[in-house]
Amino acid sequence: MTQSPASPPSLYVAREPIFPRRVKGKFRTLKWWIMGVTLAIYYLTPWIRWDRGPNLPDQAVLVDLAGRRFYFFWIEIWPHEFYFVAGLLIMAGLGLFLFTSALGRVWCGYTCPQTVWTDLFILVERWIEGDRNARVRLWNADWSLRKVRLRVTKWIVWFLIAMATGGAWVFYFADAPTLAADLMTFSAPLVAYSTILILAATTFVFGGFMREQVCNYMCPWPRIQAAMMDNDTLTVAYRHWRGEPRGKHIKAEGADQLGDCIDCMACVNVCPAGIDIRDGQQMECITCALCIDACDEVMERIGKPRGLIDYLALSDEEAETQGAQPRPIWQHVLRPRTILYTAMWSLIGVALVYALFIRSDIDLTVEPVRNPQFVTLSDGAVRNTYTLRIRNLTAEDRDFRVMLTSEEILRIDVESDGAVANHVTVPANETLQARVYVIARPQDAAADAETTDLRLWVEDVETDDRAGVATIFNGKG
Amino acid sequence: MADKQEIDDVTGTDTTGHEWDGIKELNNPLPRWWLWTFYGTVVWGLAYTIAYPAWPLINSATTGLLGYSTRAEVAERIAEVDAQNAELTERLASADLATLAPDDPAHRFGVAGGASVFLAHCSQCHGSGAAGVQAAGYPNLLDDAWLWGGTLEDIEYTVRHGIRNETDPDARWSEMPAFGDIMSDEEIGQTVEYVLSLSGQDHDAAMAEQGMVWFQEQCSACHGDNGEGIRELGAPTLNDAIWLYGGDRETLIETVTYSRFGVMPAWGQRLDEEEIKAVTLYLHQLGGGE
């Protein structure tokens, strides 16, 4: 093998521009609704108000990084409760498993932000530059005043959408009306502006120019999904046994030999991924189902049954080519695998809800002072010192009695601002550190024992709500 | 070794001739930009060692053309923090500790700063947890027994002037005689039995009876009639559960025979005014302050 090709083939493939045509149909309608709802959720959520009293923010959904709190309507998550977020992430993962094994890349096709924003950007493109044919002409045309005007208008609208996207993001991290006013008067923190600009830039580039390349080259999900799909997974497919051999009907020789596909290219022209679904399942297909709408429209017009392109599983292809009926949709969706995913998903969900309801609004941790382990007092009593951290998870200042329970006789002293007290005040939404002394008199067993188990308690003076934590008392033994 | 170049079909580049299980390594030299970046880093590295302190010499290192020093930077930062705390420091230095409220910012500043002062200057003897070392006679500062007093005023005086040192004429001073020169071993033994009885420990009652006579004669002037101690003299209380050097028979005999002479430096000569007050506040709130 010593041949030397004149020019080595390039390993880089240039992007083929894609000009998706407008399409109407039930899936397109569904996608418009999903786009509207998801975008509305994203843009409007930070503006929902939720009254939590005078000490806490009144924004329904707020990630308070400085205060280390996450507010979600009536739920408030502290940093030590981050397992809720971990649980939600696991649920999101299992949810994706479930939907992928049942419906393939349904997330990609309908709700992925990349798809939704690309869809929105294409909509803007169509409004300004016209539908597919007009856009192809404009693409091929030389630069002219009209082309510049259309392009610049489109980019400006895209940029405004992109700015709004980045802008909405920062409202999740600060009080939205205040931040909006600050942003307008250029007095918001620098990080707010830089975040908006970075997200605006990514939205602009991803939605306007990179589009399907993000899915093909950047996103790991399409590759992972292949491992979760099986023969029963519903994906968008072409009934080649019905459509082939394809051809223009009317004038062709032996037109009666032809299949239902009239090779009108409608399915290819509407595809935002730029593929031909008739080539079978492909990595690039995000199962957006627009080719189904496009083909159904054509089939209707030429008087053939709909569903030449349809949601199908590989097992249906086998069945139908052998003349059998496809399995009903519910049998594809309800399988041991999907039931298992649903069960796991629900189990974690139920566990999280349970954890949410049983969690206390007081939290107590204790750190015994171990240097020294105990101090002997002049009357022979033995004293241990503990650092208590009391979290008040409510919106009001609370007074707590500090108490202990033990099988042995022990006394407790709480220090508050240098004086001995029996209760402490923990400000709303804060953690208080209190020093507590536990004392065993010389005649009591705990003074001479090696260790004595005890439990420290805090009890709300008004409501009697309490929280306890176990620790030990070190004696002289 | 391949004597002629082997060209790979797909990429058109030659191979290095290395082969593993049929997989051959393409000969892809480093890209030019990478190479120039590499040369750039070499130049940068050399320039850096000239501009900044770098080459080790026998006693120090080259100082660099820019005269940069990490120590100077640290000093600058410390000065910055000191400037930020200047107001609190001033307030603490001029405060009367007895009347400084616990929720006063200067009080909190003092307790926090005092912990650092304690770890830097006091923990060598008194321990990082302030529990002292009984075997060496370094007192425990957490308990409720104070040789020279446990009020803020007393603690501040002790810290400032120290105990039994030669450097500060105002140091707290007292000295227990070595009774081995004065009394016989038997008499000392009897006295110790009596001292043991004062704090309710096991003792020989007959010896203690005789020991009480010696105690009243030799010891009570400083330690009090019932061993309650006298603070003005720094004479320890003998009828409680706390012992500076140890309360068992052997240690007491040693103490009485040879005496003790614990020394503490006068920190007023070494610490700033605000440091003395800070460590005083810190010590007072450890659990034993009066």
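The values are calculated or read from the model by the stated rules, or taken from the named source; none is laboratory data. Computed from a predicted structure; not experimentally measured. With ideal geometry, Cβ positions are generated from the backbone for all residues, glycine too; neighbour counts draw on all protein chains shown. Each accessible area value is taken on the protein alone, full model and side chains, heavy atoms only, with ligands, DNA and RNA left out. Shrake-Rupley method; radii C 1.70, N 1.55, O 1.52, S 1.80 Å.
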(request) Go through A:VAL157, A:VAL152, A:VAL191 for me and flag whichever is modelled with pLDDT of 95 or more, among the β-branched types (Val, Ile, Thr) and farther than 21 Å from A:LEU39 by Cα. (result) A:VAL152
(message) For a quick check of your reading of the model, give me the residue pairs whose first member lies in the stretch A:197-220 and is free of Cβ contacts under 8 Å to residues at least 24 places away in the same chain, whose second is of a type in the set (Ser, Thr, Tyr), with beta-carbon atoms closer than 8 Å and at least 6 apart or on different chains.
(response) none
(message) If B:VAL117 satisfies all but one of (1) among the hydrophobic types (A, V, I, L, M, F, W, C); (2) more than 27 Å from B:GLU90 (Cα to Cα); (3) under 20 Å from the mean Cα position of the chain (by Cα); (4) more than 14 Å from every other protein chain (Cβ to nearest Cβ), what's the number of the condition it fails?
(response) (2)
(request) Could you check B:THR251 against (1) within 14 Å of another protein chain (Cβ to nearest Cβ); (2) open to solvent by less than 30 Å² (accessible area, probe 1.4 Å); (3) among the β-branched types (Val, Ile, Thr) and say which number it fails? (result) (1)
(request) Tell me which of these B:HIS223 doesn't satisfy, since it passes every other one: (1) over 26 Å from A:PRO442 (Cα atoms); (2) touching a strand residue (DSSP E or B) at 6+ places or on another chain (Cβ under 6 Å). (result) (1)
(message) Testing A:ASN384 on (1) under 45 Å from the mean Cα position of the chain (by Cα); (2) of a type outside the set (D, E, K, R); (3) open to solvent by less than 50 Å² (accessible area, probe 1.4 Å), one condition comes back false. Which one is that?
(response) (1)
(request) Would you check if there is a residue in the stretch B:175-187 being surrounded by fewer than 15 Cβ atoms within 10 Å (Cβ to Cβ), in a loop (DSSP other than H, G, I, E, B) and under 28 Å from the mean Cα position of the chain (by Cα)? (result) yes
(request) Return the pairs, sorted by first residue and then second, in which the second residue is open to solvent by 60 Å² or more (accessible area, probe 1.4 Å) and β-branched (Val, Ile, Thr), the first residue lies in the stretch A:352-380 and is under 15 Å from A:ARG466 (Cβ atoms), the beta carbons are less than 9 Å apart, and the residues are 6+ apart or on different chains. (result) A:ASP363/A:THR431
(request) Return only the number of the condition from (1) within 13 Å of chain A (Cβ to nearest Cβ); (2) touching a residue at least 12 places away in the same chain (Cβ under 8 Å); (3) surrounded by fewer than 20 Cβ atoms within 10 Å (Cβ to Cβ) that B:ASP103 does not satisfy. (result) (2)
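Okay, residues lined up against (1) surrounded by fewer than 16 Cβ atoms within 10 Å (Cβ to Cβ); (2) in contact with a Ser or Thr (Cβ under 7 Å, 6 or more places away or on another chain); (3) closer than 25 Å to A:ALA92 by Cβ; (4) among the basic types (Lys, Arg):
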site: A:PHE171; (1), (2), (3), (4): no, no, yes, no
site: A:LEU179; (1), (2), (3), (4): no, no, no, no
site: A:THR185; (1), (2), (3), (4): yes, no, no, no
site: A:ALA188; (1), (2), (3), (4): no, no, no, no
site: A:ILE198; (1), (2), (3), (4): yes, no, yes, no
site: A:THR203; (1), (2), (3), (4): no, yes, yes, no
site: A:PHE206; (1), (2), (3), (4): no, no, yes, no
site: A:MET210; (1), (2), (3), (4): no, no, yes, no
site: A:PRO220; (1), (2), (3), (4): yes, no, yes, no
(request) Can you work out which of the residues in the stretch B:1-22 that are away from chain A (no Cβ under 14 Å) and at pLDDT 80 or above is nearest to A:TYR12 (Cα to Cα)? (result) B:THR16
(message) Looking at the stretch B:251-263, I want the residues that are closer than 15 Å to B:GLY189 by Cβ and have a partner that is charged (D, E, K, R) with Cβ atoms under 8 Å, at least 6 apart or on another chain. Which pairs are those?
(response) B:THR257/B:ASP185
(request) Please find, within the stretch B:126-155, the residue that is nearest to A:VAL382 (Cα to Cα) out of those that are among the polar types (S, T, N, Q) and within 11 Å of chain A (Cβ to nearest Cβ). (result) B:ASN140
(message) Step by step: first the residues of the stretch A:391-443, then only those that are in contact (Cβ under 8 Å) with a residue 40 or more places away in the chain and of a type in the set (S, T, N, Q), then the one that is nearest to B:PRO102 (Cα to Cα). Which residue is that?
(response) A:GLN433
(message) I'm trying to understand the selection: among the residues of the stretch A:54-106, which are surrounded by 17 or more Cβ atoms within 10 Å (Cβ to Cβ) and among the basic types (Lys, Arg)?
(response) A:ARG69, A:ARG105
(request) Return yes when A:ASP232 is over 31 Å from the mean Cα position of the chain (by Cα) and either polar (S, T, N, Q) or closer than 27 Å to A:GLN322 by Cβ (or both) and no when it is not. (result) no
(request) Within the stretch B:254-286, track down each residue that is part of a loop (DSSP other than H, G, I, E, B), open to solvent by less than 40 Å² (accessible area, probe 1.4 Å) and under 30 Å from B:PRO102 (Cα atoms). (result) B:ALA266, B:LEU271, B:GLN285, B:LEU286
(request) For A:ARG146, indicate whether it is open to solvent by less than 50 Å² (accessible area, probe 1.4 Å), farther than 22 Å from A:ARG69 by Cα and at pLDDT below 95. (result) no
(message) Would you confirm, using the coordinates I've provided, whether B:GLY45 is part of a helix (DSSP H, G or I), surrounded by 10 or more Cβ atoms within 10 Å (Cβ to Cβ) and more than 44 Å from the chain's Cα centre (by Cα)?
(response) no
(request) Specify which of the listed residues (A:PHE374, A:PHE357, A:PHE400) is under 19 Å from A:ARG69 (Cα atoms) and either more than 37 Å from the chain's Cα centre (by Cα) or open to solvent by 60 Å² or more (accessible area, probe 1.4 Å) (or both). (result) A:PHE357
